[in-house]
Amino acid sequence: MRSRDMFTPITKNKATAMQARASTVVLTMFCSFILAQTRSSESNDGGWELLKKSIGISAMHMALLPNDRIVAFDRTDFGPSNISLPAGKCRNDSRDQALTRDCYAHSVEFDPSSRDVRPLTVLTDTWCSSGALSPEGVLVQSGGFNDGERAVRYFKPCADCDWYEVPNGLAVRRWYASNHILPNGKMIVVGGRRQFSYEFIPKGSSSDFMVFPLAFLKETTYSSENNLYPFLHLSTDGNLFVFANDRAILLDYVNNRIVRRYPVMPGGVSRNYPSTGSSVLLPLKLGTDNKSPPYAEVLVCGGAPSDSNHKANNGIFVPASKTCGRLIITAQDPKWEMEEMPLNRVMGDMILLPTGDVLIINGAAKGSAGWGVGREPVLNPVLYRPDTPRTQGHSSFQVLNPSKTPRLYHSTAHLLSDGRVLVGGSNPNVNYNFSALYPTELSIEAFSPPYMSSATSRPTITWIKPGPRVTYKQKISVGFDLKGKGEAQKMYLTMVAPSFTTHSFSMNQRMLVLGIDVDGVRQTSDGGYAMDGYAPSTAVLAPPGYYLLFVVYDGKPSKGKWVHIK
C-alpha cells in the first residue's frame with residue numbers, strides 16, 4: 001500500500017529516506033496534502049465555459065506568457081485559416097503544400113480575460129515544433145517542417161510585438177523534438193524525426209552549433225515512426241530525465257554521457273508519439289535548510305500499443321492504455337509503481353494544478369495520434385491526487401464533468417493564472433476541413449477544476465515582499481485575505497512554471513511546494529494573513545525565469561501572481 005502526503009516524501013530505500021528527511025523537517029508540521037481536500041471540493045466535478053467560438057486558427061501549440069496572454073499557432077501549410085494577417089503582410093513559400101502566397105494568420109495572441117484575438121505573423125512552418133519560455137519571459141520556439149525545420153523563433157510579450165525568426169537557428173532539422181530550459185538559462189532540444197541527438201539554443205557562439213549524439217533514442221524506436229516528442233524532466237541532481245516509449249535514462253548533458261538507465265515501464269505499451277501518452281514531474285517539496293535536494297518523482301499515463309498507429313491506418317482501432325506509472329528517479333533502487341486510470345486514454349494532456357493535483361484531459365479511448373486515426377473521444381477529464389493513500393475505499397482518481405467538444409489529435413491544454421485550464425485545438429486538417437468525422441476545431445474553452453467551486457472561498461494574495469523579483473534562498477513574505485478563519489496546517493505556497501504545450505506534452509512544466517518558515521501563518525493587523533516561505537535554493541531546482549506563485553488554503557488556490565527568480 002502507498003501512503004504519502006504533499007509534505008512527506010515516500011522512502012523506498014535508505015538513500016531516499018536520508019535525502020527526504022532533511023528537506024521535510026519543517027514541512028511535516030503542516031497537515032498532509034490529502035487534508036487540504038475538503039468534502040465540498042470532492043463533491044464538485046468541475047465546469048466548462050466556452051471562451052471563444054473561433055480564434056481563427058487551431059491551437060496545435062500553446063504557451064502562457066508573463067502578461068497572462070496565450071500565444072497559439074498551428075502550421076503554415078494548411079491553406080486559408082479563419083483570420084487574416086494585417087494588411088500588407090503575407091507569407092511567400094514556393095514549397096508550401098497549400099498556398100505559395102498566404103495572407104492568413106497561423107498564429108494568434110489570445111487574452112483569456114477580454115477574449116480578444118490578435119493575429120501574429122509567423123513565416124516558417126511551425127508544424128510539430130517545440131518551445132520553452134526564456135528566463136527573460138520570451139517565448140523561444142524551435143523547429144518544425146519544410147522551411148521551419150531549422151528555424152528558431154522568438155516572441156516577446158508586449159502590446160504590438162510579433163514573431164522574430166532565425167531561419168538557421170538550429171544546427172540540424174528538428175521535427176517532433178522536445179525542449180527544456182536548463183539551470184544556466186539555455187534550452188536543450190532533444191530528438192526529432194530521424195534525429196538521435198541533442199543540441200542547445202539560443203546559439204551564442206560557433207561551439208553552440210555542436211550536435212551531441214544520443215543513441216538511446218535510436219534504441220527505443222520500435223516501428224516505422226520514431227519515438228517522437230520524448231518526455232524531458234530536469235532532475236533535482238541537475239541531470240536530465242529522458243523517457244522514450246517504455247524506458248528512460250538520466251542524461252548528463254554537460255558531459256554527454258548516460259549516468260543511469262531505469263527499468264522498463266511495465267504494461268507492454270508505448271507512451272510517446274504516435275502512441276501518445278503524457279508525463280509530468282510531480283511537485284517538488286522543498287525544505288528550509290537549503291542543503292538536501294528533494295527527491296524527484298515522474299508520472300507517466302496513457303499511451304497505446306506500439307502497433308496501434310499501423311493498425312489504425314488500416315481501420316483497426318485498438319483500445320488505448322489505462323495505466324499510469326510512477327518512478328522516483330532519484331531513488332537508489334527505483335521501481336515503477338503502476339496504477340489504472342478510470343478511462344482508457346491516448347493523446348491526453350497532463351496539467352499540474354496549483355494544489356499539486358494532476359488534471360488529465362483531452363484525448364481518445366482508441367487508436368493513436370495522427371490524422372484521423374483516433375476514435376471514441378474521451379470527453380471527461382480526470383483528476384489525479386498523487387497523495388491519496390491506496391487503501392480500500394479510496395481512489396487517486398476522480399472523473400470530472402465532460403466537455404461537449406472532442407479534443408483529439410493536436411489538441412492542447414494550459415494552466416491559467418486564475419486557476420482555470422485553457423483547452424483548444426483538435427484535428428487541424430489541411431484546408432481547415434469542418435466536415436470530417438472529427439473536424440478542425442477553432443474554439444477555445446476553459447475548464448474550472450473542483451477547487452473553483454463556490455462552496456468555500458479562495459484566498460486572495462494582497463502583497464509579496466520584498467516584491468515579485470526574488471533571488472535563490474531568499475525569504476518571501478506573502479500577504480493574503482481569506483473569508484473565514486485561516487488554519488495554518490492547511491496553508492502552503494506553490495510555484496508553477498509556465499509550459500509550452502503540444503502533442504500531449506507540456507514542456508518545462510514544473511511545480512514547487514515552498515519551504516515554510518517555522519512561525520507558519522500569522523494574522524496581520526488589518527485582519528488578513530501572512531505566510532513566510534523560502535525561494536528555491538538553486539537554479540537546478542527552479543531554472544531562472546517566471547513562475548506563478550499561489551497560496552493554497554484548504555484545497556483552494558488563490559489566483560497566481562507572477563514572480564521572477566534569478
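Given the criteria closer than 27 Å to residue 536 by Cβ, touching a Ser or Thr at 6+ places or on another chain (Cβ under 9 Å) and crowded, with 21+ Cβ neighbours inside 10 Å, does residue 228 qualify? Taking the combined requirement at face value, the residue does not satisfy it. No other residue among 365, 304 is of a type in the set (Gly, Ala, Ser), surrounded by fewer than 22 Cβ atoms within 10 Å (Cβ to Cβ) and at pLDDT 95 or above apart from 365.
Within region 378-393, not a single residue is among the aliphatic types (A, V, I, L, M), in a loop (DSSP other than H, G, I, E, B) and either outside the structural domain of residue 273 (by TED's automatic domain parsing) or more than 30 Å from residue 458 (Cβ to Cβ) (or both). Scan region 98-114 for residues that are under 31 Å from the mean Cα position of the chain (by Cα), more than 15 Å from residue 83 (Cα to Cα) and in contact (Cβ under 8 Å) with a residue 24 or more places away in the chain and jot them down. Selection gives 111, 112, 113. Restricting attention to region 162-188, the residues being part of a loop (DSSP other than H, G, I, E, B) and surrounded by fewer than 16 Cβ atoms within 10 Å (Cβ to Cβ) number 5. In contact (Cβ under 8 Å) with a residue 40 or more places away in the chain and over 17 Å from residue 184 (Cβ atoms), is that true of residue 274? Spelling it out, residue 274 is indeed in contact (Cβ under 8 Å) with a residue 40 or more places away in the chain and over 17 Å from residue 184 (Cβ atoms).
Only a single item in (1) farther than 27 Å from residue 468 by Cα; (2) assigned to a strand (DSSP E or B); (3) of a type in the set (A, V, I, L, M) is not met by residue 123, and it is number (2).
So which residues in region 260-285 are under 23 Å from residue 409 (Cβ atoms), under 21 Å from the mean Cα position of the chain (by Cα) and outside any strand (DSSP E or B), if there are any at all?
Listed by number, the residues that qualify are 271, 272, 274, 275, 276.
Do we find that residue 76 is of a type in the set (Ser, Thr, Tyr) and either buried (at least 24 other Cβ atoms within 10 Å of the Cβ) or in contact with a Leu (Cβ under 6 Å, 6 or more places away or on another chain) (or both) in this structure?
So residue 76 passes the test.
Checking 131, 191 one by one, the residue that is touching a helix residue (DSSP H, G or I) at 6+ places or on another chain (Cβ under 8 Å), surrounded by 24 or more Cβ atoms within 10 Å (Cβ to Cβ), over 23 Å from residue 79 (Cα atoms) and in contact (Cβ under 8 Å) with a residue 24 or more places away in the chain is 191 and no other.
The values are calculated or read from the model by the stated rules, or taken from the named source; none is laboratory data. Because the structure is predicted, anything quoted here is derived from the model rather than measured. Positions of Cβ are generated from backbone atoms using ideal geometry, with glycine treated the same way; all protein chains shown enter the neighbour counts.
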